[in-house]
Structures are given as structure tokens and as C-alpha cells.
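All remarks here apply to the structure that follows.
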Amino acid sequence: MPDATTGPTIESVLQEQRLFAPPAELAASARIGSLDAYRALCSKADLDPDAFWGDLARRELHWFEPFDSVLDWSDPPFAKWFAGGTTNLSFNCLDRHLAGPRADKTALIWEGEPGDSLSFTYRQLHAEVCKASNALKALGIGKGDLVALYMPMVPEAAIAMLACARIGAPHSVVFGGFSADALRDRLIDGQVKAVITADGGFRKDKPVPLKPAVDEALAANGGAPSVEHVLVVQRIKGDCAMATGRDHWWHELVDGQSAECPAEPMASEDRLFVLYTSGSTGKPKGVVHTTAGYNLWAHLTFQWIFDIRDDDIHWCTADVGWITGHSYIVYGPLSNGATTVMYEGAPRPSKPGAFWEVIQKHRCTIFYTAPTAIRAFMKSGRAVPDQYDMSSLRILGTVGEPINPEAWMWYRDVIGHNRCPVVDTWWQTETGGVMISPLPGATPTKPGSCTLPLPGIAADIVDMDGVSQPADAGGYLAVRRPWPGMMRTVHGDPERFRRSYWEEIRPADASYLYFAGDGARRDADGYFWVMGRVDDVINVSGHRLGTMEIESALVSHPTVAEAAVVGRPDDLKGEGIVAFVTLEAGRCGDDALIADLRAHVGKEIGPIAKPDEIRFTDSLPKTRSGKIMRRILRALASGQEVTGDTSTLEDRSVLDALRV
Ligand code: 6R9
């Protein structure tokens, strides 16, 4: 490998050669403190995966009943991990820390947008979670009942998740930025029994109501008849309609409950949560994770990628509505007995330094955010972060989308003062936790690369036949062996799980290979460079959106005949959304209609799905078999020449019309 800081400064990922060694001081005390130590762990895992995972599961988790087997892969791609064992995620995150001095350690620090803040020790958090668990039980919620959370970033969101896990009621967290319609779809798909929400939250210095969206989801278009109860946290204290019998205030129902509630022993493969994510076809799919495997994976990955220490103050800026919030705000940190920070706000014109203020105030040692946020900070310049004391930081992380080397270098320099390793972590909702990432004490980093797979993760770059690709050849990112945190199925649609993830690529030996949907390459050092999605998923500011979802939202508008949605590169958001729309006869596309269509998509899905640009056209470029040629639209959307084969185009004049 070339030497550390003397490499060329070309910003192209393909020519990136800079290499940064882990800080010596960090390596000296790290759990995994050298590349050799990392490689030794990998070899151990590869030699006998069952022994590797089995030992870790026994050592790192509490078991009510020990498991009989590690991996049952007799019915691929449906894996069973740690069969025969019983455990509880809420117990692992709380109860087991209460025996010693950790009981009085801070578990959760919460910072509200208006400047209010709260903190909970492990003992206090345990009590709050027990009360919430008893409240859920009082509503008749029990083992196996799905509970939806539709919440702002308030402590009750984490408390509710842990309470659900405690009583064995799987949760389905729906991002608070999704619309009433999107919420209803998820409530219906999951046959959800209760919804936990809040009257609202604070955004950009204003209270923003949330409960009306729940009311709308439950009332309009037939509602979601399975929902019996709504539990409402009072956050903004404005007017809030409450339906008698159905709606209950959190403070009225939860506060008076007993602070003792034993954790339900759950079978390893009992459903822990469902989390919806966008795929290339159809509606968002409910990714199902189960108890023991997910717990182990969130726990281990958190420990490995941040080399967690007892005095760390860890802050992940994600929302609990996404998998990153599940695994690295709530479950990974708490399972390890760490201190985790949760922030309701975001940088905003009145407070561009909001993030740095949180770091300074709470002396955060680990900061985990998304490339889109880093690019926005870069744009507004280093003067803002330079005003804050961020000397407490020791590790920086990024997740959600590929990070360009320029943003990586800025992050390392301006936020980390060239002291803190940057861990670029590649993973997905489906993988439960991080899969490919540097270990801060072991892995030399290269700007823009998520570096090497974690021990036990058989990541590979393959072609469509599952054949490993040579160094520097592009291909598909795949995983050759099951791992504990893998999703188990698509809620209600096991065939979709099989088809979309495990049968997309079929190797000649008929082995099962997990297809991630990302394009990537591996360099001569074995480092992975993820390029982005190869399917019809657009990654807007780290949020996954299916083009199909946005298209169906558009065509549900009365004026729209047909729509095709593509992504185009965006300096800040990674990708922007461009929609090509044909209108019903006699309709005219003007600015008013564009505004109307954008609002319509916002209502159907949520503001993050609103197209950046809508182009009206008389027809869309299609193949003779009627397939929309997205490749052409993608080129047009990003202002590039349409190259490659256009001979399958049914009507060439369509292309000429689109060009003007
Ligand atoms: C955790 C999360 C998953 C998709 C994934 C990929 C992209 C995530 C990345 C990355 C390059 C990274 N992605 N991390 N691409 N480098 N470090 O984001 O889950 O919302 O399911 O998105 O995000 O395209 O396939 P999810």
C-alpha cells in the first residue's frame, strides 16, 4: 500500500490512494488493535463459523435458556439462528447492567430542539421501560402483537421500543416524516394493534403537530381497522384531539404503572421488529428481524466499529425511524452498557452549529452521521464548526450513502482535526447492522472506501452468475454466508424475500448468495468501494425511495396519465428526484400543476419523496415490449448525452422531443 499522507490529492474515487493509519494511541488500547488481529478473527470465523458465532452469542448476551444450535440453514434462504435459546433484547439492554456500578451510569442523554434536555441512568431507564411495558399490557398488548411507533425524537421513542421488546410485542417504527397515507399502508400491512405517537415535535424552532396524521390514517380511506389503541406522548402541548376509548395520554397511562415488569423470555427466532424499506418493485417491504441474531449483531458491530469504551459518549444523528436509529441510537449502545445521545433537532438557519453545540455540551466522543449532512456542512464552511470545542471527539462515523473523498477529508480535518479515524460503514436495513467498515484501531482507511468486511462477513464482488470478480473490476455486492443480523423474511411475503435477495444471483453450484442491490468494486488491497444502487432505488440524503413508489403516487393524481421517475446526481443530497410525466388529454402542464404534483407526492409518501424537478412530456421512451427506458431518462435528467444502444426504442421521435 502507498504511504499515508503523501499520496496524490486527486478527488476521483478511482484514483484515490491516500491511506491513513489508525492513531497509534487508539490502536494500543483497542479491542482489535492491528490488521493482524483483525485477520486472525476473520480466519477464526471462516474456519468454523458456528463456533465463532456460538462463542460470541454465549459470551455477549444473556440467555434465559441456552441455545441448542447456532445456525440452521437447512431451508435456505430462511435462516434460524440460536434455536432452542430464549433471551430478551430489553433485558440485555437494561436489566443486566443493573447489578453493578453501571446501574447509575447515564444510559440516555436526550437533547430537545428548544434546548430542554433530560438524562436517564440505566436504573431510571429500566424503570421507565417497565412502566411503559405495564401500560401496554394494560391495553391488552401482549406477545406477538405488532405495535407501530410514529414519533418525533423524544426519549419515549426509545422507551417504547424497549418496552415492546420487553413484552415480546414486535414494533414497527414508521418515520415521523412519512405521511398519513404511508402510515396507513404500514398499519394495514402489519395488522398493527396499537400506535404510539406524540401530539407533535419541534422542527425549525416551531412546534409541528403529528397526531393529526395518525387520526387521518385511522379515519380516511377505510382507516386501519386492526388498530385498537393510540398512546400519545405530550410533547408540544398544543390542541390535540383525543378519541374517547381509543386514544390515551402517555403521562396518564404510563406514569402511574409499576416500575417492575419482568422481561418476557423470547425464543431466538421470535419476531423482534418490522421496518419498512423501499425496494425496486411494488410497495415498501416490511423487513423482519428476529430477537437473538439481531441483538447479537447490533451489539457486536457497535462494539467493533466504535471500539466502545466505558466512558464513551456516543451520538448517532439518525432518526429512530430508520435502521441506523434502531441499531446505533438504541439497541447497540444500550446492549453494550454505553451512553447514547438522542437529539430532537437538526442544524437550521437560527442555529447552524446545532450539532457542534451538542458535541461540545455533552462532550461526545463518537459522532456518527450521514455524508449528506457532511456535504451540507462543507458548503456552509468551516467557520461554524471552528467556533466549538470538539476536542472530546475520538471517532467519526458515516453511513447511508457513498461518501466522496472530498467530504471524507473535510470531515476528518475540520470535525476530527485529523486526530479521529473516520469509519465509513456500509450496511442496510436488511443486514441489521454494519457489514463492511474499518475497525478504528486496526484498519488503515482510504477516503471514500468502507474498507474491509467485518469478521465473519463473507462479502464479495460478483457478476450475475455469482462469479467473484478480479481486483478493480466492478460488480455486484453480495454476501456468501448467512450472518446473525440478516433479515429473516419480508413481512407477509416470504417469496419476495427469496426472489429479491437470494435468487437474483444464482451461482453454478446453486449455493445461496445475498444480493444487496449495490454496485461496488474491490481494489488490490481488498478494500470495498461502494458505488450505489443498481436497482430502481434512489438514495436521497441517505433515505431510500423506490422509483415505483413515487411513480404510483404521481399516477394517483387525476391529471397524470403516466410517470417515470429517475435519480440524478446531486451535490448535497447524493441523488435528486426527477419525474417525467405525461398528462391526461386536454391537461396542461404549468407551474401550478408542478406545485400541485409535488404536494400530492408529499401527501402520499412524505416530503422527502417530492420530486426536485417535474418534466412534462407527450410520451415516455419505451422499448417495443413497453418497458420504460430509464437509462435514457437518467441521462436526460442529469443533462448528459444519451449514449449506448437506443435501437430498442419503439419510437425515436420521443427521444428527440425529450431533448428539447
Ligand atoms: C444503513 C442504511 C441501504 C443502502 C445501501 C447503499 C447505501 C449505506 C453506505 C451506503 C455506500 C456506505 N449505503 N451505507 N453506500 N457507503 N457507507 O443506510 O440502510 O436505509 O436500508 O440503505 O444505503 O446503497 O444499499 P438503508
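The values are calculated or read from the model by the stated rules, or taken from the named source; none is laboratory data. The shown structure was predicted, so the numbers you read here are calculated from the model rather than taken from an experiment. Here Cβ is always computed from backbone atoms with ideal geometry, including for glycine, and neighbour counts include all displayed protein chains. We work out accessible area using only protein heavy atoms, side chains counted, and drop any ligands, DNA or RNA first. Shrake-Rupley method; radii C 1.70, N 1.55, O 1.52, S 1.80 Å.
So here's what we get for this one:
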item: All positions within region 417-442 that are part of a loop (DSSP other than H, G, I, E, B), closer than 12 Å to I395 by Cβ and more than 9 Å from the ligand (Cβ to nearest atom); result: R419, C420, P421, P438, L439, P440, G441
item: Cβ-Cβ under 7 Å pairs, at least 6 apart or on other chains, region 591-618 side farther than 13 Å from V578 by Cβ, far side open to solvent by 30 Å² or more (accessible area, probe 1.4 Å); result: G602/K610; E604/S556; I608/H543; D618/A657
item: Residue count for region 92-125, restricted to those that are touching a strand residue (DSSP E or B) at 6+ places or on another chain (Cβ under 9 Å) and closer than 26 Å to H289 by Cα; result: 7
item: Hits in region 371-396 (condition: open to solvent by less than 30 Å² (accessible area, probe 1.4 Å), assigned to a loop (DSSP other than H, G, I, E, B), touching a Cys at 6+ places or on another chain (Cβ under 9 Å) and not hydroxyl-bearing (S, T, Y)); result: M390, L393
item: Filter result (closer than 21 Å to K143 by Cα, away from the ligand (no atom under 16 Å from the Cβ) and not aliphatic (A, V, I, L, M)) within region 249-285; result: W250, Q257, S258, E260, C261, P262, E264, P265, S268, E269, D270, R271
item: Test: residue in region 133-141 that is assigned to a loop (DSSP other than H, G, I, E, B) and basic (K, R); result: no
item: Conditions (1) in contact with a helix residue (DSSP H, G or I) (Cβ under 8 Å, 6 or more places away or on another chain); (2) away from the ligand (no atom under 11 Å from the Cβ); (3) small (G, A, S): number failed by G474; result: (1)
item: Matching residues, region 152-174, being farther than 21 Å from A219 by Cβ and outside any helix (DSSP H, G or I); result: P152, M153, V154, G168, A169, P170, H171, V173
item: Residue list for region 333-344, filter: surrounded by 22 or more Cβ atoms within 10 Å (Cβ to Cβ) and out of contact with any strand residue (DSSP E or B) (no Cβ under 7 Å at 6 or more places or on another chain); result: S335, N336
item: Residue check, D270 charged (D, E, K, R) and open to solvent by less than 20 Å² (accessible area, probe 1.4 Å); result: no
item: Strands (runs of 3 or more DSSP E) wholly inside region 494-566 that include at least 3 residues being open to solvent by 10 Å² or more (accessible area, probe 1.4 Å) and without any contact (Cβ under 8 Å) to a residue 24 or more places away in the chain; result: none
item: Some residue of region 279-286 being of a type outside the set (A, V, I, L, M), under 18 Å from V330 (Cα atoms) and in contact with a strand residue (DSSP E or B) (Cβ under 7 Å, 6 or more places away or on another chain); result: no
item: Leading residue by the ranking (nearest to the ligand (Cβ to nearest atom)) among those in region 308-332 that are in a loop (DSSP other than H, G, I, E, B) and open to solvent by 10 Å² or more (accessible area, probe 1.4 Å); result: W322
item: Residue match in region 344-362 (condition: farther than 29 Å from I236 by Cα, modelled with pLDDT of 95 or more and in a loop (DSSP other than H, G, I, E, B)); result: no
item: Where a residue in region 61-73 is of a type in the set (D, E) and its partner, wherever it lies, is buried (at least 19 other Cβ atoms within 10 Å of the Cβ), with Cβ under 8 Å and at least six apart; result: E65/G85; D68/G85; D72/A79; D72/K80; D72/W81
item: Residue within region 371-385 that is within 15 Å of the ligand (Cβ to nearest atom), modelled with pLDDT of 95 or more and within 29 Å of L162 (Cβ to Cβ) present; result: no
item: Residues of region 68-93 that turn out to be farther than 24 Å from W502 by Cα and surrounded by fewer than 20 Cβ atoms within 10 Å (Cβ to Cβ), as a count; result: 3
item: Check on V154, closer than 22 Å to A243 by Cα and either β-branched (V, I, T) or surrounded by 23 or more Cβ atoms within 10 Å (Cβ to Cβ) (or both); result: no
item: Subset tally (residues that are without any contact (Cβ under 8 Å) to a residue 40 or more places away in the chain and either of a type in the set (S, T, N, Q) or not in a helix (DSSP H, G or I) (or both)) for region 397-416; result: 2
item: Qualifying residue in region 94-114 (condition: buried (at least 21 other Cβ atoms within 10 Å of the Cβ), in contact with a Leu (Cβ under 9 Å, 6 or more places away or on another chain), at pLDDT 95 or above and assigned to a helix (DSSP H, G or I)); result: yes
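Each row is one residue, and each column tells you yes or no for (1) in contact with a Cys (Cβ under 6 Å, 6 or more places away or on another chain); (2) among the hydroxyl-bearing types (S, T, Y); (3) open to solvent by less than 30 Å² (accessible area, probe 1.4 Å).
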site: K211; (1), (2), (3): yes, no, yes
site: V214; (1), (2), (3): no, no, yes
site: V227; (1), (2), (3): no, no, yes
site: D239; (1), (2), (3): no, no, no
site: A243; (1), (2), (3): no, no, no
site: H248; (1), (2), (3): no, no, no
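Yes/no matrix, rows are residues, columns are (1) farther than 20 Å from G177 by Cβ; (2) within 16 Å of the ligand (Cβ to nearest atom):
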| residue | (1), (2) |
| --- | --- |
| I538 | no, yes |
| S541 | no, yes |
| T559 | yes, no |
| K573 | no, yes |
| V578 | yes, no |
| V601 | no, no |
| I605 | no, yes |
| I614 | yes, no |
